[in-house]
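This report refers to the structure that appears directly beneath it.
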Amino acid sequence: VKEQGRDAIQFFNKYMADKARNVLVMEGDLHKALEQHRFSLYYQPRVDVTTSQIVGAEALLRWEHPDRGMISPAEFIPILETSGLIVEVGRWVLEDSIRQVKIWQEQGIWKDDMRLGVNISPRQFRSSEFVNDVTKILQEVGINPSLIEMEITEGIVIHNLEETVATMSSLCELGINFALDDFGTGYSSISYLKQLPVAILKVDQSFVRDITFDRNDRVLVETISAMGNMLGLDVVAEGVETCDQLHLVREYNCKYYQGYLCSPPVNADAFAELLTTKDIT
Ligand code: C2E
Ligand code: CA
Ligand code: CA
Ligand code: CA
């Protein structure tokens with residue numbers, strides 16, 4: 001037994017060492033990616049549940065690794081976050097997506113009431129330059145701040161609630177809106193809902209996935225949606241893939257949805273295509 005334990009520990013140590021080495025290599029690659037402009041943005045439409053009109057887009061970061069091809073954000077965002085690189089990459093995401101929307105506005109395909117969702121990581125949000133960076137980008141690009149929706153998770157609050165509320169309030173004063181992302185997956189989502197100035201609630205896709213056959217998930221989505229509506233928030237169902245799921249989230253009064261049923265995230269050209277074709281129907 002002792003022998004086995006030692007083997008297990010050695011195995012574990014090797015596993016951890018490999019993992020740590022892998023993270024270091026990735027971190028180096030991410031540095032290079034930033035210098036060489038190898039990041040790009042995809043856009044996923046947000047759709048009105050009742051009219052099926054596209055009412056906005058969420059910008060999603062993509063990284064094409066020179067050898068490994070497309071790497072999932074789930075794999076590299078945590079590394080950006082722990083290394084602090086997310087501050088710079090996040091600034092780029094904000095600026096690039098806003099510039100893109102400006103172009104679409106000028107082309108007349110982005111309507112005045114459409115919203116742009118941008119994910120903001122905790123580290124980026126807490127960085128001392130954040131509010132300044134945002135202000136500068138808005139001025140430089142010249143865009144109405146109220147079309148921007150910053151998607152945050154409750155992880156943003158971990159360190160200091162007062163500071164979080166203060167930063168959010170300054171951004172709200174600029175006209176920016178906030179969405180609480182992945183709602184229901186954390187420990188204290190409901191209490192934060194009361195304390196943070198958010199206007200939009202995004203029901204996590206883990207609740208939507210099995211909604212057609214799992215009664216518990218149905219109850220949760222219906223309850224979260226009812227609560228959001230009663231608090232005057234717009235509710236977005238994430239990860240809607242089928243018509244049956246759409247019927248249910250409509251029944252539960254979610255106002256918007258995102259999901260493969262309309263479209264997966266696509267590059268800017270393909271999104272422009274969606275705006276010009278899907279909108280007519
Ligand atoms: P998220 O913010 O919850 O984004 C939604 C994720 O769900 C996206 O994954 C999207 O591709 C995926 N998705 C959308 N519709 C469906 C569907 O119908 N079915 C399924 N199975 N999935 C769907 P993605 O693009 O891989 O991003 C993963 C996460 O990485 C995001 O989750 C977000 O937390 C993070 N992320 C992505 N881009 C950024 C960014 O620019 N900044 C920061 N800080 N985080 C980002
Ligand atoms: Ca999001
Ligand atoms: Ca989400
Ligand atoms: Ca998520």
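Any read-out appearing in this document is the output of simple, stated calculations on the displayed coordinates, not a laboratory observation. Here the structure is a predicted model, which means the values were calculated and not measured. Methodologically, a virtual Cβ is constructed for each residue, glycine included, from the backbone with ideal geometry; neighbour enumeration extends over all protein chains shown.
Under the rule of at least 5 residues apart or a separate chain, name every residue whose amide H is placed under 5 Å from the amide H of CYS254.
Amide H neighbours of CYS254, under 5 Å, 5+ apart: none.
I need to check one value: relative contact order of region 113-252, counting alpha carbon pairs closer than 8 Å and at least 6 residues apart, in percent.
This gives 19 percent for region 113-252.
Please find the FRET efficiency linking HIS247 to ALA199, where r is the Cβ-Cβ separation and R0 is fixed at 25 Å, and quote it to the nearest 0.05.
The pair HIS247/ALA199 has a calculated efficiency of 0.45.
From the square roots a ≥ b ≥ c of the eigenvalues of the alpha-carbon gyration tensor of region 164-273, which class results: rounded (a/c under 1.5), prolate (a/b over b/c), or oblate?
Verdict is oblate for region 164-273.
Take each of the peptides 117-124, 158-165, average the number of other beta-carbon atoms within 10 Å over its residues, and list them starting from the highest.
117-124, 158-165
Can you give me the span-like helices of the chain, meaning DSSP H runs with 18 Å or more of Cα extent along the axis and Kyte-Doolittle mean at or above -1.0?
Details: long enough: 2-35 (50 Å, -0.71); 86-106 (29 Å, -0.13); 161-174 (20 Å, 0.59); 215-230 (22 Å, -0.16).
Correct list, ordered by number: 2-35, 86-106, 161-174, 215-230.
Roughly how many whole Å is it from the C-alpha centroid of region 88-166 to that of region 46-72?
Between the Cα centre of region 88-166 and that of region 46-72, the gap is 16 Å.
Have a look at the DSSP beta bridges in the chain and tell me what percent are antiparallel, nearest 5.
Counting only bridges with both partners in the chain, antiparallel ones make up about 40 percent.
Average projected area of the Cα convex hull of the chain, in nm²?
Mean orientational projected area (the chain, Cα hull): 18.0 nm².
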